[in-house]
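Encoded as C-alpha cells, the structure appears first; notes follow it.
Every number here is computed from the coordinates shown, using simple stated rules; none is lab data. Values in this document were obtained by computation on a predicted structure and should not be read as measured data. Methodologically, a virtual Cβ is constructed for each residue, glycine included, from the backbone with ideal geometry; neighbour enumeration extends over all protein chains shown.
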Amino acid sequence: MDYARMRAVADELAAHAPEDVWATEISGDEIIMMMSPANLHELIVYRLAKHLDRQLEQSTPGLIAHGGADIEDPESGIKRRPDVMVFPESALESGEAVHPRDVTAVVEVVSKSNPENDYEGKMRDYPTMGIPHYLIIDPRNGTGLVLSAPHTTPEGRRYSTRRDFQFGETVQLGVYDIETAEFPTY
C-alpha cells in the first residue's frame, strides 16, 4: 500500500480510536497505535526536554527540545512521534508534521508495554529518515543507548556508532550533555 493510503487509514483509525490512544505511527506496512504514556515515562520526557532546552537557549537559539509533534517522511513511508526531538521552533509554524531534515536528534523513553518499537522499529526508521542522533532511555533497567552517524549498509541506512550507558552517567547527544542521574526507573 502506498504511503498516502497508509496515512489516510492511520488518520481514520485515530479518529475512531479509544481515548487512551495517544498517537499513530507508520513504519513500512505497519500502523502503530500508541497508548498514553505512564507518568514516570512523562517525568523523564519533561526533565530531559527541560535540560536540553537550557543548553539550546545558550548554544543554539532557535532550536527547541520538544515532544508531541510528528516527524514525517513520505518518501520513506515513515511517520513517527518521538518523545523528544531537537529541531527549529519555526518548523512548528507550518501546522504540518516536522520534516526529518529539520531534526538533529530524537529521544525515546522505552515503555513497559512495547520496548520493541524503540529498539527495533525506530532504530531502523530514524537512520532511514536521516536523523543524525538517536537517544534511547530505558527506565526498565536504568540503561540507554546513544546512536549516531547514519550510513548505508546492505540492510539499509543504519547508525554506525553506538554508546551504551547506565543511569547516573553523563552522555553526549551530539554536542549536548545529558545528565541521566535524575531519571527514575520503573
Worksheet item: Which one of HIS133, HIS99, HIS16 has the biggest mean-square fluctuation once the chain is modelled by GNM with Cα springs under 10 Å?
Response: HIS16
Worksheet entry | Separation between Cα centres of the stretch 148-186 and the stretch 35-94, rounded to whole Å | 16 Å
Item to complete: Classify the stretch 102-156 as rounded, prolate or oblate, taking a ≥ b ≥ c as the square roots of the eigenvalues of its Cα gyration tensor: rounded when a/c is under 1.5, otherwise prolate if a/b is larger than b/c and oblate if not.
Response: prolate
Worksheet item: Is the shape of the chain rounded, prolate or oblate, going by the alpha carbon gyration tensor and its root eigenvalues a ≥ b ≥ c, with a/c under 1.5 for rounded and a/b larger than b/c for prolate?
Response: rounded
Worksheet item: To the nearest 10 degrees, how steep is helix 3-15 against the longest Cα principal axis of the chain, on a 0 to 90 scale?
Response: 80 degrees
Discussion item. Given the DSSP H assignment, sum -39500 (n - 2.57) over each helix run of at least 4 residues in the chain and divide by its residue total; what's the result at 222 nm in deg cm²/dmol, nearest 500?
Written reply: -7000 deg cm²/dmol
Item to complete: Taking the Cβ of each residue in TYR3, TYR176 as the centre, tally the other Cβ atoms inside 10 Å and list the residues starting with the fewest.
Response: TYR3, TYR176
Worksheet item: Roughly how tilted is helix 39-59, in degrees to the nearest 10 and between 0 and 90, from the longest Cα axis of the chain?
Response: 70 degrees
Worksheet item: Going by how many other Cβ atoms sit within 10 Å of their own, how do LEU43, LEU52 line up, fewest first?
Response: LEU43, LEU52
Discussion item. Using a 10 angstrom Cβ neighbour count of at most 12 plus a DSSP loop assignment to flag exposed GluC sites (Glu not before Pro), which longest range of the chain is free of such sites?
Written reply: 97-154
